[in-house]
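For reference, the structure discussed in these notes is given below.
The values are calculated or read from the model by the stated rules, or taken from the named source; none is laboratory data. The model shown is predicted, which means the values in this text are computed figures rather than measured ones. Methodologically, a virtual Cβ is constructed for each residue, glycine included, from the backbone with ideal geometry; neighbour enumeration extends over all protein chains shown. Please note that ligands, DNA and RNA were not included when accessible areas were found on the heavy atoms of the full protein model with its side chains. Shrake-Rupley method; radii C 1.70, N 1.55, O 1.52, S 1.80 Å.
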Amino acid sequence: MSKWPVTTLHNKIFIKHGFPFKSEYFSESGDYIVLTPGNFFEAGGFKRQAGKEKFYTGKIPKEYLHKKGDLIVAMTEQAEGLLGSCARVPESEVYLHNQRLGLISTDTRLVTKEYIYHLFKTKTVREQLRLTSSGSKVKHTSPERIYNVQVPLPEVETQKRITKLLDTIEEKIELNNRINAELEAMAKTLYDYWFVQFDFPDANGKPYKSSGGKMVYNEALKRNIPVEWSVNNLKEITPVSNESITPKDHPEALFRHFSIPVFDSTQTYGVECGSSIGSNKFKVNGSDLLVSKLNPWFSRVIYALEEDDQICSTEFVVWRTNSDSIKNFLYQIATSGQFISYCTQSATGTSNSHKRVNPTVMMQFKFPFCADIATAYGEKIDSALKEIMSNKKQNKQLVELRDWLLPMLMNGQVKVQ
């Protein structure tokens with residue numbers, strides 16, 4: 001029972017639809033980024049897409065260019081759980097307001113954007129949006145349906161105190177996300193430099209190709225590669241583990257369970273009792289990379305660390321690597337645009353929302369390879385990848401704290417003085 005007055009959002013918030021940007025102007029580079037539901041975390045918050053952004057090179061309607069702090073809401077459930085997710089735009093003059101998203105403004109005498117942002121993370125709001133949505137496969141909502149949502153609404157000063165506390169937690173989460181984005185971009189830049197442009201350090205420490213290193217045409221890749229390199233597929237570099245376990249045989253055990261829904265919302269695992277896990281899972285070791293075969297365009301890749309009792313959904317293919325350095329190199333392969341494109345084109349299925357790439361086909365992905373250079377690259381980025389994974393774990397703990405506080409703050413059960 002809420003201790004605050006409960007009301008609808010009619011005449012308190014206002015939602016503007018986005019612009020239908022034309023796909024013919026989408027590009028892998030440019031000055032402006034088209035926001036999509038992929039830029040939302042399921043629970044809410046802005047998800048950066050380092051290396052996966054959709055740039056736009058066509059004419060830009062200025063009124064659809066976001067400012068820092070704009071509050072946007074996912075009006076379409078492109079992935080399960082995204083409907084009604086809210087995010088705050090992190091920069092001005094970079095992001096474009098796409099048609100699948102709503103831009104929220106408020107009557108500031110009654111409600112703040114910051115309060116709406118946190119309010120839309122609560123189960124009560126999201127459940128109302130889900131129940132009033134349209135569409136049998138892909139759910140949609142509308143401004144009018146959002147206005148009809150019933151919410152607890154304290155006075156504006158109380159709203160500000162609540163959001164200040166929640167934002168302190170969010171700022172730390174966002175800082176970790178920014179650090180991770182920078183580290184991931186650094187690792188990708190080095191990967192491109194060494195394995196796409198082939199300017200890895202030669203015997204004299206100079207960039208190989210730019211310094212006249214010998215190249216030879218490879219028929220399989222239809223491009224030049226360094227003369228001493230080979231072309232390998234994934235199966236030749238790393239085995240796949242199908243070692244499985246039935247968690248219900250260990251009902252009292254606590255498992256670190258990598259599932260797709262939990263990964264989408266937290267980027268790490270959930271802890272579950274064996275008795276609550278209904279189907280067989282794959283065992284996970286600290287040397288493993290977990291690569292989702294479901295809807296490969298979402299690029300779900302998990303870098304496992306050394307921890308006890310780790311398991312994962314059978315929707316993942318478990319790459320059991322033989323060294324940390326090769327694991328680090330393969331992490332870049334698994335998150336590269338070429339690999340994602342290959343798996344996306346190879347995915348099959350009768351449903352547009354559920355397509356899978358066959359693991360045997362996945363492991364046939366070919367790439368230029370030199371064990372010494374791959375190992376050297378893996379050693380260089382090792383500390384960065386470990387920090388990224390550590391930040392993801394810390395964020396999971398912060399999210400759990402925020403989610404524990406959120407409903408109690410929003411219904412007045414806990415008050416901020």
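For this structure, a couple of remarks:
- Charges were assigned to the Cβ only: +1 to each Lys and Arg, -1 to each Asp and Glu. The resulting dipole of the chain about its Cα centre is roughly 1140 debye.
- Annotation: peptides 219-228, 80-89, 267-276, ranked by per-residue average of other Cβ atoms within 10 Å with the highest first, follow the order 80-89, 267-276, 219-228.
- P(r) tail for region 50-133: Cα pairs beyond 14 Å make up 68% of the total.
- Looking at the chain, the accessible area is 49 square angstrom per residue; that uses a 1.4 Å probe and ignores ligands, DNA and RNA.
- Here the Kirkwood formula puts the hydrodynamic radius of region 367-416 at 14.2 Å, using every distinct Cα pair.
- Inter-part distance where region 164-178 and region 267-337 are each reduced to a Cα centre, Å: 27 Å
- Debye-sum result for region 186-285 in log10 I(q)/I(0), which assumes one identical scatterer on each alpha carbon, at q = 0.15, 0.20 Å⁻¹: -0.77, -1.00
- Here the chain is described by how far its Cα atoms reach on the three principal axes: 72, 59, 44 Å, from widest to narrowest.
- The share of accessible area on the chain that comes from carbon and sulfur is 50 percent, using a 1.4 angstrom probe.
- Calculated log₁₀ intensity ratio I(q)/I(0) where the Debye formula runs over C-alpha points of region 131-241, q = 0.09, 0.17, 0.18 Å⁻¹: -0.63, -1.02, -1.08
- Phi angles across region 228-238 convert, under the Karplus curve 6.51 cos²θ - 1.76 cosθ + 1.60 with θ = phi - 60°, into 3J(HN,Hα) values of 8, 8, 10, 10, 10, 9, 4, 4, 7, 9, 9 Hz, Gly and Pro given as x.
- Ellipsoid fit via the Cα gyration tensor, region 241-304: semi-axes of 21, 13, 11 Å, each the root of five times an eigenvalue, largest first.
- Along each principal axis, Cα extent of region 315-411, largest first, Å: 56, 42, 21
- About its Cα centre, region 70-204 has a charge dipole of approximately 800 debye under the convention of +1 per Lys or Arg Cβ and -1 per Asp or Glu Cβ, with nothing else charged.
- Unit Cα scatterers, Debye sum, region 40-97: log10 I(q)/I(0) for q = 0.15, 0.20, 0.30 Å⁻¹: -0.47, -0.83, -1.26
- Region 82-183 - convex hull of alpha carbons, volume per residue in Å³: 137 Å³
- Think of region 226-341 as having a plus end and a minus end, set by charges on the Cβ of Lys, Arg, Asp and Glu; of 318, 268, 305, 318 sits farthest toward the positive end of this dipole.
- Spherically averaged projected area in nm², based on the convex hull that wraps the Cα atoms of region 1-148: 9.2 nm²
- Gyration tensor verdict on region 292-369 (Cα atoms; rounded if a/c is under 1.5, prolate if a/b is larger than b/c, oblate otherwise): oblate
- Antiparallel bridges, percent of DSSP beta bridges restricted to region 1-101 (to nearest 5): 75 percent
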